Amino acid sequence: QIKYVLDEKDMPTHWYNIQADLPKPLPPVLHPGTMKPVTPADLAPLFPEEIIKQEVSLERYIEIPDEVQQVYKQWRPSPLYRARNLEKALGTPAKIFYKYEGVSPTGSHKPNTAVPQAYYNKLAGTKRITTETGAGQWGSSLAFAGAAFGIPVEVYQVKISYETKPYRSIFMESFGAKCTPSPSTTTESGRAALARDPKCAGSLGLAISEAVESCVKSDVPSKYCLGSVLNHVLMHQTIVGLESIKQLELAGEYPDVIVACTGGGSNFGGMCFPFIGQKFRGEAKKPFKVVAVEPAACPSLTRGKYMYDYGDTAGLTPLVKS
């Protein structure tokens, strides 16, 4: 057998929150102004109440709202494949499986969190969402989610990506989003960057600064959405690993090694956290190894410093120790 597919009725109805099973709590997120642990009130200018609750929740499972499940079912459950041709090419006795998230409307795993974030903003009465994107996967996914729930989305895209990947901005605009190359002249952060370097190609940190600034200074009730790093984002992505556990059961297998790419953590957390949670709770069927694969151009896990830092260039975001 090559493909393992779950029926819609077997799609997980809850996300998994790894904070419930961690051996010790994560270091607190710090307020950029006071350098003290943030409170829910500190996050309110950026996120709706339900998202803030999920960010700090210690509940093991959070129910997926019916409205979100209905959108998910456009492509979920996603298939698990047995990579038999790769096994043959490698001449390996290993059984290799991969989870294919490319079946989503925007071609990546990012809608798994974009959809619930847009939904909770809709419930909160948000009239506009801002965000950033690099290559465009996250921006196009939030544009899709905003269209699904009727919320305008404004995306600040790293200028070099905006210029070299024009079809990404067209894709976002096809869903009704506004796409602005960053740095732009619409924010203080963008104008300052252009003053320093009129030919600035931009960065993801700068695009985040512009998106956050655009959110908090808007006259229209606005919120900000992030596609990686934060707990609620990684929790939404765990539907990937939860489905994989069920699909591997269909195949009569349990992993010896789990491999996932990692940057901001949404791909890695989505696939690996449900398995790691089983290990923490003593429910894993056997010992397994987890391998996080990162780009040599940005080796934050293997060569970075474990310390507090801002998530953006202008220092507008809370500080996370990572």
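Name the residue that is surrounded by the most Cβ atoms within 10 Å (Cβ to Cβ), counting only residues in the stretch 290-306 that are among the small types (Gly, Ala, Ser) and more than 20 Å from ILE208 (Cα to Cα).
Restricting attention to the stretch 290-306, the residues satisfying the condition of being among the small types (Gly, Ala, Ser) are 292, 296-297, 300, 304.
This time we only want the ones that are more than 20 Å from ILE208 (Cα to Cα), so: 292, 296-297, 304.
Values: ALA292: 16, ALA296: 7, ALA297: 5, GLY304: 12.
Ranking the candidates gives ALA292 first.
On the basis of being within 21 Å of the chain's Cα centre (by Cα) and surrounded by fewer than 20 Cβ atoms within 10 Å (Cβ to Cβ), does LYS73 make the cut?
In short, yes.
Can you find even one residue in the stretch 307-320 that is at positive phi and open to solvent by 30 Å² or more (accessible area, probe 1.4 Å)?
Taking every residue of the stretch 307-320 in turn, none turns out to be at positive phi and open to solvent by 30 Å² or more (accessible area, probe 1.4 Å).
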When (1) surrounded by 15 or more Cβ atoms within 10 Å (Cβ to Cβ); (2) free of Cβ contacts under 8 Å to residues at least 40 places away in the same chain; (3) out of contact with any Phe, Trp or Tyr (no Cβ under 6 Å at 6 or more places or on another chain) are applied to PHE97, the one that fails is (2)
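Conditions tested, residue by residue: (1) open to solvent by less than 60 Å² (accessible area, probe 1.4 Å); (2) acidic (Asp, Glu); (3) modelled with pLDDT under 95.
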residue: PRO32; (1), (2), (3): yes, no, yes
residue: LYS36; (1), (2), (3): no, no, no
residue: GLU50; (1), (2), (3): no, yes, no
residue: GLN54; (1), (2), (3): yes, no, no
residue: LEU58; (1), (2), (3): no, no, no
residue: ILE64; (1), (2), (3): yes, no, no
residue: VAL68; (1), (2), (3): yes, no, no
residue: ARG82; (1), (2), (3): yes, no, no
residue: LEU86; (1), (2), (3): no, no, no
If we keep only residues of the stretch 145-158 that are open to solvent by 20 Å² or more (accessible area, probe 1.4 Å) and assigned to a helix (DSSP H, G or I), then the residue farthest from PRO116 (Cα to Cα) is ALA147
Reported set for the stretch 156-200 where residues are among the β-branched types (Val, Ile, Thr), under 22 Å from the mean Cα position of the chain (by Cα) and more than 24 Å from VAL216 (Cα to Cα) is ILE160, ILE170
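Which one of these is part of a loop (DSSP other than H, G, I, E, B), in contact with a Lys or Arg (Cβ under 7 Å, 6 or more places away or on another chain) and not hydrophobic (A, V, I, L, M, F, W, C): SER108, SER78, SER104?
SER78
Given the criterion assigned to a loop (DSSP other than H, G, I, E, B), of a type outside the set (Ser, Thr, Tyr), modelled with pLDDT of 95 or more and closer than 18 Å to TYR81 by Cβ, identify the matching residue among GLY241, GLY252, GLY270, GLY282.
On the way: GLY241 fails: assigned to a loop (DSSP other than H, G, I, E, B); GLY270 fails: assigned to a loop (DSSP other than H, G, I, E, B); GLY282 fails: closer than 18 Å to TYR81 by Cβ.
Just a single option satisfies the conditions, and that option is GLY252.
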Among residues of the stretch 119-143 being of a type in the set (A, V, I, L, M, F, W, C) and under 13 Å from the mean Cα position of the chain (by Cα), the residue farthest from GLY227 (Cα to Cα) is LEU142
Matching residues in the stretch 255-281 (closer than 20 Å to TYR16 by Cα, of a type outside the set (A, V, I, L, M) and open to solvent by 70 Å² or more (accessible area, probe 1.4 Å)) number 3
Per the list (1) buried (at least 24 other Cβ atoms within 10 Å of the Cβ); (2) assigned to a helix (DSSP H, G or I), residue check on GLY202 breaks on (2)
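Given the condition more than 18 Å from ILE151 (Cβ to Cβ) and either among the β-branched types (Val, Ile, Thr) or open to solvent by 60 Å² or more (accessible area, probe 1.4 Å) (or both), answer yes or no: does some residue in the stretch 103-122 qualify? Steps first, answer last, please.
If we filter the stretch 103-122 for residues that are more than 18 Å from ILE151 (Cβ to Cβ), which is where we start, we get 103-104, 107-109.
With either among the β-branched types (Val, Ile, Thr) or open to solvent by 60 Å² or more (accessible area, probe 1.4 Å) (or both) added as a condition, the list becomes 103.
Yes, because at least one residue in the stretch 103-122 is more than 18 Å from ILE151 (Cβ to Cβ) and either among the β-branched types (Val, Ile, Thr) or open to solvent by 60 Å² or more (accessible area, probe 1.4 Å) (or both).
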Flagged pairs (Cβ under 8 angstrom, 6 or more apart or on separate chains; first in the stretch 1-22, under 12 Å from GLU243 (Cα atoms) and touching a residue at least 12 places away in the same chain (Cβ under 8 Å); second among the β-branched types (Val, Ile, Thr) and part of a loop (DSSP other than H, G, I, E, B)) are PRO12/ILE64; THR13/ILE64; HIS14/ILE64; TRP15/ILE64; TRP15/THR238; TYR16/THR238
Given the conditions (1) touching a residue at least 60 places away in the same chain (Cβ under 8 Å); (2) open to solvent by less than 10 Å² (accessible area, probe 1.4 Å), every one holds for PRO183 apart from (1)
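The values are calculated or read from the model by the stated rules, or taken from the named source; none is laboratory data. Model, not experiment: these values are computed from the prediction. Every residue, glycine among them, receives a Cβ derived from its backbone with ideal geometry; neighbour counts consider all protein chains shown. SASA here: full protein model, heavy atoms, side chains in, ligands and nucleic acids out. Shrake-Rupley method; radii C 1.70, N 1.55, O 1.52, S 1.80 Å.
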